[in-house]
Structures are given as C-alpha cells and as structure tokens.
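Note sheet for the following structure.
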Amino acid sequence: MQAPPRPDPPYIPIRQSGWTVRRAPRWAIAAVAVLVAIGVAVGLSHRPTTGQRATDLRTVLHSLTSEIESCAGGVRESLYVLRAIDTGASHDLATALNVADTGAANCSPANNVSLANLTSEQIPESLTSYHLQPAITGLIDWAAPDAQRVMSDVAAVLSNRGKPGEAASRARLARDLRKLDAQRAKVYAVLRPAIRALSPASAPPTLPG
C-alpha cells in the first residue's frame, strides 16, 4: 500500500529586502577630502623652484661638457696640427697624423667611456618642460659620425699633401666641417632657451669646428 502523496508547501513570493543602503557618514567624507587636499599640497610643495631648476641645468651642462670634451678636444687638436703644417709652423707630419687618427678613434662610444656615459645620460624631471633630451642625441651625432669624419678628413689631407688627391681631400674636409657646424647649431638651439631662462651665465659644451 503506497503512502498518499505529500502536498507541496504553500508558495510564498520572495520579497525584496527592506534593508536600506547605508551611506558613508559625513565624517568619513570629510576625512577623504582632507586627505585629497593634503596630497595636492604635498605635490605642490615638491614642485621645483627656479633656483633648483637652475642648479639642475648647471649640473646637466657640466656632465655634457665633461662627457664630450675628449672627443671635442680631438677635433680641436686635429685642426690645430693641420693649420700648423699648412702654415709651416710645424713639419712633424707623423705626429700630426697620429693626432688626427687618435682623435677619430676617440670619438666612438665603443672606444670612449665618457661618450658611452653620454648615451645613457638622462635629463632631470625638473627640466622636462625645456625638452633637453634631443641635445644629448645631438651631441652623440656630433661626435659620431660627424667629428670622426672631420678628423679622418684631416688625416687624409695630411697624407695627400703635395699629391693629386689633396684637393679632393680638402674639399671633403670643408664639406664635413659644414656638417659639423650645422650639428653644433642644432645642439645649441635645444640648450639655449633653458640657459637663457635659468642660468644666463652658463654655457653649452664647447664644440670646435
């Protein structure tokens, strides 16, 4: 004998909860507002002053000058020995050739630790608005390949003195000197606005040509 079927329990519709959403107390909202205000004030307090930016700029200029100086010195000395040979002030052709060849090699970041440091130089955040990073790229390009080519040209002129190839070597040197001058002008154009605004007594790296 089977047991009679059990009746289903009566259907009771599910009602939405009557709980009200709790709102954040006013003191919590006020505390958040105070924290935001403190954050803004701290941010403003860390904004560099003009004096701090000027100091940072002078530091950057000092670094760039020291890092490019060995290459720039090679250009200066190579042109000097060429003029000395041309004017008859010197007849030491072997030494002049060595100066030009050594200078050309020294303008390669692979051979020069200072230039290698230049490739990783970073502009401080305080100077971001002056967009100085292209000056670093420009200095690297000034060194290699522009300065290298000039010193190689000097060596070629010295090697071809009194020979049929001398005129072509001198023409190539003049052309590459113009490129070197143009690259120097690009570097100075990037640095000049910051120097004028922050440290007028400062100077960009000396780049002979």
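Some points to look at:
- Kirkwood-Stokes translational diffusion coefficient of segment 51-198, alpha-carbon pairs, 37 °C, 0.692 mPa s, µm²/s: 201 µm²/s
- Mean silhouette area of segment 63-138, derived from the convex hull of its C-alpha atoms and averaged over all directions, reads 5.9 nm².
- Remark: THR59, THR137 ranked as THR59, THR137, counting other beta-carbon atoms within 10 Å and listing the fewest first.
- Spread over its residues, the convex hull of the C-alpha atoms of segment 121-209 is 85 Å³ per residue.
No lab work stands behind these numbers, since they all come straight from the coordinates. This is a predicted model, so every value here is computed, not measured. Because the Cβ atoms are built from the backbone with ideal geometry, glycine has one as well, and the counts that use them run over all protein chains shown.
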